[in-house]
Amino acid sequence: MEEKEFYRQLSQFKRLLLKEKQALIKNEGQKVADLLPQKEKYLPSLQTYTGPLGEQTKSLLREIKELQETNLLLTKQALSFGENLMKSIRTNLKSDQANVYQDQKRKNPYQQRPTNSYIIDSQA
C-alpha cells in the first residue's frame, strides 16, 4: 500500500472518530455501538502499514491519537455517570426500605380516618 492510500484510509478513520465523539457527547449509545464494526474494518491496514510517513500523514496520525484519547475519556465519563446514578438509586431504595420498616406505631398522615358515613338518616 502506498502512503497516499494509507492517508486516505486514515482520513476516513478520522471521520468515524469524529462521528463517535459526537455520539458520545450526545449520549447515543446505539450509534457508538454501530460505529465499532466500521472502525474495526480499518485495523488490519492501519496495523500493517510499514511504508514511509510524510509530514501530513504524521500530523493526521497525531490528530487521530488525540481523538482516540478524547473518545476514551468521554466513554469513561459516561460509564462513571452511569455507575454514580446506579449507586444513587441503590442508596435511595435502601433508605426508602428503611423508612417502610421503621416503627410501625407511627401514624400515617395519609391514612384514612373512619367516618360516620354509615349512619343514615332514616327519616329522609
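The values are calculated or read from the model by the stated rules, or taken from the named source; none is laboratory data. Fair warning: this is a prediction, and the values are worked out from it, not measured in the lab. Here the Cβ positions follow ideal geometry from the backbone for every residue, glycine too, while neighbour counts run over all protein chains shown.
Here are the numbers:
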| read-out | value |
| --- | --- |
| Inter-residue pairs, beta-carbon under 8 Å, first touching a residue at least 12 places away in the same chain (Cβ under 8 Å) and in the stretch 54-65, second in a helix (DSSP H, G or I) and polar (S, T, N, Q), 6+ apart | L60/S11 |
| The stretch 19-53, residues that are in contact (Cβ under 8 Å) with a residue 12 or more places away in the chain and in a loop (DSSP other than H, G, I, E, B) | N27, Y49, G51, P52, L53 |
| Residue in the stretch 83-97 that is more than 26 Å from the chain's Cα centre (by Cα) and not small (G, A, S) present | yes |
| Residue that is modelled with pLDDT of 80 or more, assigned to a helix (DSSP H, G or I) and more than 30 Å from K39 (Cβ to Cβ), where the choices are T70, T75, T91 | T91 |
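Residue-wise test of (1) in contact with a strand residue (DSSP E or B) (Cβ under 6 Å, 6 or more places away or on another chain); (2) loosely packed, with under 14 Cβ neighbours inside 10 Å; (3) among the polar types (S, T, N, Q).
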site: E3; (1), (2), (3): no, no, no
site: Y7; (1), (2), (3): no, no, no
site: Q12; (1), (2), (3): no, yes, yes
site: G29; (1), (2), (3): no, yes, no
site: K41; (1), (2), (3): no, yes, no
site: G51; (1), (2), (3): no, yes, no
site: Q56; (1), (2), (3): no, yes, yes
